[in-house]
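Everything on this sheet refers to the single structure shown next.
The values are calculated or read from the model by the stated rules, or taken from the named source; none is laboratory data. All values derive from a computational prediction rather than experimental measurement. A quick note on method: Cβ atoms are made from the backbone with ideal geometry, for glycine too, and the neighbour counts reach across all protein chains shown. Calculation scope for accessible area: heavy atoms of the full protein, side chains included, ligands and nucleic acids excluded. Shrake-Rupley method; radii C 1.70, N 1.55, O 1.52, S 1.80 Å.
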Amino acid sequence: MDVAFWVLAVVAAAAGVAVFVVDSMARATFALLASLLAVGGIFLLLDLHYLGVLIILMMVMEMLVMAVFMIMYMMNPAGLMPMTMVHNHRGAIVIAGAVFVLLAAGALLTPWPDRKGAPPADPTHALGLSIMGPKMLVMMVIGVAILATMIATVVLATHRGRYDADRGHGS
């Protein structure tokens, strides 16, 4: 498990760096997908199965939607033409470096408390209760509503429309 964790961590970090290094939107999208899939794999290794699968499914769908919109709306074919991904290169490097130093200093200089008690038997359930508490049922219903909205949007966005006008009307 340790080897798998470190392999996924390196893949996540390397693909995350690749998002800002590659020269096209499509390649950046797939690098981001690889990074987030590795993060989902890490969650699975930590026995957070629900969150790991959720991250993987959400990121795959999100990146597919992004790829579809790139193909539809970008001036260059599918976002594959080389382009500059960073507009203020020196400023971005300075800001990113400063934020990294600040976050690293905060992580290393914070007096972290010692663990009290043992980890819960089901970490996913405990995390869900900590985050949602009594609102869990509401969020589950909202999740189904969002799924229904996505399906309806895809159905209505097709060239046929909702009623499939091309079928059986004398064509």
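Here are the numbers:
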item	result
Test: residue in segment 6-17 that is closer than 30 Å to Met150 by Cβ, out of contact with any Ser or Thr (no Cβ under 8 Å at 6 or more places or on another chain) and not acidic (Asp, Glu)	yes
Residue selected from segment 140-171 under the condition part of a loop (DSSP other than H, G, I, E, B), of a type outside the set (S, T, N, Q) and open to solvent by 100 Å² or more (accessible area, probe 1.4 Å), by the criterion modelled with the lowest pLDDT	His169
Filtered residues of segment 107-139 (kept if open to solvent by 70 Å² or more (accessible area, probe 1.4 Å), in a helix (DSSP H, G or I) and within 21 Å of Leu44 (Cβ to Cβ))	His125, Leu129, Ser130, Ile131
Qualifying residues in segment 6-24 (those that are of a type in the set (A, V, I, L, M) and farther than 28 Å from Met74 by Cα) - the one surrounded by the fewest Cβ atoms within 10 Å (Cβ to Cβ)	Val10
Among the residues listed as Met81, Met70, the single one being open to solvent by 60 Å² or more (accessible area, probe 1.4 Å) and either touching a Ser or Thr at 6+ places or on another chain (Cβ under 8 Å) or at pLDDT below 85 (or both)	Met81
Of the criteria (1) touching a residue at least 12 places away in the same chain (Cβ under 8 Å); (2) more than 27 Å from Gly143 (Cα to Cα); (3) not acidic (Asp, Glu), which one Gly41 fails	(2)
Positions within segment 126-154 being among the polar types (S, T, N, Q) and within 19 Å of the chain's Cα centre (by Cα), in sequence order	none
